[in-house]
Amino acid sequence: MRQVAAIATVVLASLALAPLSLARTEATTVQVKGGEFFFRLSTKSAAKPGKVTFVFKNIGHVQHDFRIAGKQTPLLQPGKTAKLIVTFKKKGKYPYLCTVPGHAEAGMKGTFTVR
């Protein structure tokens, strides 16, 4: 009987702590579509500092990339997708852009906010 009680205690404790462990590992994923000459992000902010995965898809007709916080995707051909994982260590506003000459000036830029 003591073993059953001990197992029940462990199970209940695990269930009680599960939401806390999920909250710590929660990551943000942002879908990014880019074309001539724009970016569309599924969200333009993260609720808190931490890991953000940007999934960039080039829906344009020429090559594009996506750069934020000193990291960037490779130059992608039309129709291709790449992931970019960025860890934001503090709150703030982070500019993003396409590094192909003239593309940011034509509108492929914006600001991502970490709250």
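Where a number appears in this text, it was derived from the coordinates with a stated rule and is not lab data. All figures in this text were calculated on a predicted structure; none of them were measured in a lab. Positions of Cβ are generated from backbone atoms using ideal geometry, with glycine treated the same way; all protein chains shown enter the neighbour counts.
Observations on the model:
- Note on the range 35-47: among residues that are among the hydroxyl-bearing types (Ser, Thr, Tyr) and out of contact with any Phe, Trp or Tyr (no Cβ under 8 Å at 6 or more places or on another chain), the one that is nearest to Thr113 (Cα to Cα) is Thr43.
- Subset of the range 48-64 that is more than 15 Å from the chain's Cα centre (by Cα) and part of a loop (DSSP other than H, G, I, E, B) - its residue that is nearest to Arg115 (Cα to Cα): Ile59
- Count of the range 71-107 residues, restricted to those that are assigned to a loop (DSSP other than H, G, I, E, B) and within 18 Å of the chain's Cα centre (by Cα), is 7.
- Selection over the range 65-110 of residues that are closer than 14 Å to Lys44 by Cα and surrounded by fewer than 13 Cβ atoms within 10 Å (Cβ to Cβ) gives a count of 3.
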